[in-house]
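Readers should treat all values here as calculations from the given coordinates under stated rules, not as data from a laboratory. Here the structure is a predicted model, which means the values were calculated and not measured. Here the Cβ positions follow ideal geometry from the backbone for every residue, glycine too, while neighbour counts run over all protein chains shown.
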């Protein structure tokens, strides 16, 4: 049994995949502000991730950038070993890394289908699997998947992305039931339309009128929810999905 | 890994300590005791296998774990594979 420190935070560190921008970057900053040393994983945007880490350091936090492809089955061992050497076990895992490869189903290639499933779902599963052993030994752990309302509501052109995001929710529920009595929670956050680089490029244009909040959400609004699920305060929230969509799917 | 003493008695003591941590009744633990008798479930066995790998460098696959029914089975598996 690993007990909490004076600030209520457990020993070890947090790990955020896809942490170089958007929701991932905001989540890394949120967890760092909670006192966690944060490993920021990115595939090919090391410079951006470096700026996220610098901003965290500027605010008095600790962060380390690891460049890795989540779709590679060898990646989890390498990432976890590096963080365990530096800060101890990963106590908080945020599976945020995701890619899109849109196309209508009748013409969607196997490559587009499997590349999205491989990164967004299989990668998250392998990261979770690697995280659970140390979390079980510590009798404490937090896994938060970043899903999407697309996992619950149709979005033509994204059969692959929707399947992966729905899969994350199902995986979280099942794993939560398996390891819940070891003090580990596994949950999913399902953002709606969030102001990111994608929305800046016109994705989701016109959707704001359909959102009760009448605007896209911010990465920080999603990160706040993730920060809660990663905290001690959320100890009785397990195996569920919290939607953060300004009421879009209400 | 493999820093722990590798005698049947030492392995049995280590396995027993893990089982107590999982909630088994210390008085019920013996070489012949089955998982069912000790109220040890599949998640406990997964954690026991992880502990064995960390402490003894012995990898027990899921199919190996399924073959273990008693405390003595687990101890024998460690001794046999670590040797």
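In table form, for the structure just shown:
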| quantity | calculated |
| --- | --- |
| For B:73, B:25, A:110, order by how many other beta-carbon atoms lie within 10 Å, fewest first | A:110, B:25, B:73 |
| Theoretical FRET efficiency, 1/(1+(r/R0)^6), r = Cβ-Cβ of residue A:240 and residue B:73, R0 35 Å, to 0.05 | 0.40 |
| Listed residues A:217, A:147, A:227, most fluctuating in chain A (Gaussian network, C-alpha, under 10 Å) | A:217 |
| Linear extension gain, residue A:129 paired with residue A:54, 0.36 nm per residue minus alpha-carbon span | 24.0 nm |
| Radius ratio Rg over Rh of the protein assembly as shown, counting only Cα atoms, Kirkwood formula for Rh | 1.03 |
| Structure-based [θ]222 nm, chain B - -39500 (n - 2.57) summed over DSSP H runs of at least 4, per residue, nearest 500 | -18000 deg cm²/dmol |
| Rg(Cα) / (2.2 N^0.38 Å) computed for segment B:22-83, rounded to two decimals | 1.05 |
| Residues residue A:114 and residue B:39, FRET efficiency given R0 of 41 Å [Cβ-Cβ distance, rounded to 0.05] | 0.45 |
| Fully extended contour minus Cα-Cα distance, from residue A:107 to residue A:72, at 0.36 nm per residue | 10.0 nm |
| C-alpha long axis of helix A:75-87 to longest principal axis of chain A, angle in ° | 40 |
| P(r), alpha carbons of segment A:160-250 - 5 Å bins starting at zero, rounded % | 3, 14, 19, 21, 19, 12, 8, 4, 1, 0 |
| For segment A:68-133: relative contact order, % (alpha-carbon pairs under 8 angstrom, 6 or more apart) | 44 |
| Bins of 10 Å, starting at 0 and running to the largest distance - Cα pair percent for segment A:98-241 | 12, 37, 33, 16, 3 |
| Extension reserve of the residue A:81-residue A:205 stretch, reckoned as 0.36 nm per residue once the Cα distance is removed | 40.4 nm |
| Which of A:182, A:10 has the fewest Cβ neighbours within 10 Å, and the rest in rising order | A:182, A:10 |
| Paramagnetic reach from residue A:177 in segment A:134-148 [backbone N under 14 Å; point 7 Å along Cα→Cβ] | none |
| Of all DSSP beta bridges in the protein assembly as shown, antiparallel share, percent nearest 5 | 5 |
| Max mean-square fluctuation residue, GNM over chain A, Cα-Cα springs under 10 Å, options A:128, A:109, A:188 | A:109 |
| Ranked A:85, B:64, criterion: other C-beta atoms within 10 Å, fewest first | A:85, B:64 |
| Residue with peak Gaussian network fluctuation, chain A [Cα springs, cutoff 10 Å], from A:97, A:68, A:105 | A:105 |
| Distance between segment A:215-250 and segment A:112-137 - C-alpha centres, whole angstrom | 20 |
